[in-house]
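First the structure, in the form of structure tokens, and then the observations on it.
Quick note: the coordinates plus some simple rules give every number you see, no bench work behind them. Since the structure is predicted, the reported quantities are computational estimates derived from the model, not experimental observations. Note that we place each Cβ from the backbone using ideal geometry, even for glycine, and neighbour counts take in every protein chain shown.
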Ligand code: PMP
């Protein structure tokens, strides 16, 4: 055990290697538009929109007013049994109106990991109800990230997120399949046995795995396999939902017909903790029959009224300010700027879809070191698995800011030239 500083904060950041971050934590205490400020007064461009969530930018006064007004009227009331609140009803109507599923019903909760739990439990509960209890297996992609609750951990395609809990026994019956090649997915489905599979879950564009857009025909292939074998298709749109690809949902961009869509992040742009699922009629109708069981997966804050009011205002801002169209414009700028970087001999590959960019560096350069240097120069970017730099700024980013953000990558690499590279960069 090496020495720790004399005084360490009470907060355990559960997604950080604490010994490495102590003494160098970046304390953010203010946000304004596309920028956040550290407690010691530095101004940083938020080139990742936090964890891909701050889509409308930070510190919006209209959001503060909505929260204050809602709390004065009603902070929240639960949605168990006969009780419900008006904001939860309104938010569900709004989400259903832009959803990639017709006649959908919406379950609300508090975040992305919650939405994965509720989606995967629903898949299994549905097959039980249909008299097919043997359909329990959940198939997910290699490199997938579906949050870190128990079910999300069990279906993780990033090994470091699954390891250490008793591999494959935390929630049993989960199987990974290939992320790139649809023929290999078919092989996995055959090996597991289609009649045993409850659902296939996939991020349309893999985020944490390294910003990996689908190979041509891949998502359509997943749809075909699901259709052919009566397997449920669940899309994890926690990152891609609510505009990140220039459409409300990536399902619309890629022409997919999912049974369940998981959502969070962009539904409120982080102004409140909201997640949930969008459910197709085939799945919700059996639970609306007179003799049906209750689908038991509610939480105290499912449909939290203030959280919902903020999500509604966020969606209204996206519409008022034409931010879906703006993402499409920014995608073109990102594409051009990344293409310019592709020729740099320190860059292995550039990838993008919508306002999501990934820059994979050659092993001689460390994404972790580059992003550390970028933040010193005022640009937040994030190192992902595979030596990739994530760029996913707010939808309110200007063309000039996006160009400068991409340019900050080679500038930081130049500044680092000659510096030693650590053995492992995740
Ligand atoms: N699914 C995906 C695709 C995500 O990117 C994330 C979060 N990064 C989650 C689920 C989990 O969401 P949360 O952190 O809000 O629980």
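Structural remarks
- Using just its DSSP H runs of length 4 or more, each adding -39500 (n - 2.57), the chain gives a mean residue ellipticity at 222 nm of -11000 deg cm²/dmol after division by all residues.
- FRET efficiency, 1/(1 + (r/R0)^6) with R0 45 Å, evaluated for residue 336 and residue 97 via beta carbons: 0.85
- Peptide packing for 115-122, 49-56 was compared via the average number of neighbouring C-beta atoms within 10 Å per residue; ordered from the highest value, the list is 115-122, 49-56.
- Among 153, 299, 245, the largest mean-square fluctuation in a Gaussian network model of the chain, built with springs joining Cα atoms closer than 10 Å, belongs to 299.
- Cα→Cβ-extended label distance, 7 Å offset, between residue 25 and residue 220, nm: 4.9
- For the range 315-331, the residues whose backbone nitrogen is under 20 Å from a point 7 Å from the Cα of residue 73, taken along Cα to Cβ, are 315-320.
- Listed by Cβ neighbour count within 10 Å, with the fewest neighbours leading, 263, 413, 18 appear as 18, 413, 263.
- Nearest-ten-degree value, helix 86-98 long axis tilted from longest Cα axis of the chain: 80
- Here the relative contact order of the range 129-268, from alpha carbon pairs under 8 Å that lie six or more residues apart, stands at 21 percent.
- At 1.002 mPa s and 20 °C, Stokes diffusion of the range 12-125 via Kirkwood alpha-carbon radius, µm² per second: 119
- Report note on the peptides 370-378, 401-409: ranked by the mean count of other C-beta atoms within 10 Å, highest first, their order is 401-409, 370-378.
- Cα centroid separation - the range 288-330 against the range 1-74, whole Å: 23
- Annotation: extensible slack from residue 169 through residue 82 equals 27.6 nm (criterion: 0.36 nm per residue apart, minus Cα-Cα distance).
- Between helix 323-341 and the chain: long-axis angle, C-alpha atoms, 0 to 90°, nearest 10: 50
- FRET efficiency, residue 227 to residue 349 (Cβ-Cβ, R0 22 Å, nearest 0.05): 0.10
- Distance from the range 353-402 to the range 147-216 (C-alpha centre basis), Å: 26
- Relative compactness, the range 64-320, computed as alpha-carbon Rg over 2.2 N^0.38 Å: 0.98
- Peptides 90-102, 126-138, 283-295, 301-313 ranked from most to least packed by the mean count of surrounding Cβ atoms within 10 Å: 301-313, 90-102, 126-138, 283-295.
- Of all DSSP beta bridges confined to the chain, the antiparallel ones make up roughly 65%.
- The ranking of 154, 268 by Cβ neighbour count inside 10 Å, starting from the fewest, reads 154, 268.
- Convex hull volume per residue in cubic angstrom - Cα atoms of the range 336-423: 88
- Using a Förster distance of 22 Å, the FRET efficiency for residue 403-residue 252 (Cβ separation, nearest 0.05): 0.20
- Between 0 and 90°, nearest 10: helix 305-320 axis offset from the chain longest Cα axis: 70
- Fraction of antiparallel bridges per DSSP, the range 161-320 only, in percent to nearest 5: 40
- Relative contact order [Cα under 8 Å, 6+ residues apart], the chain, whole percent: 20
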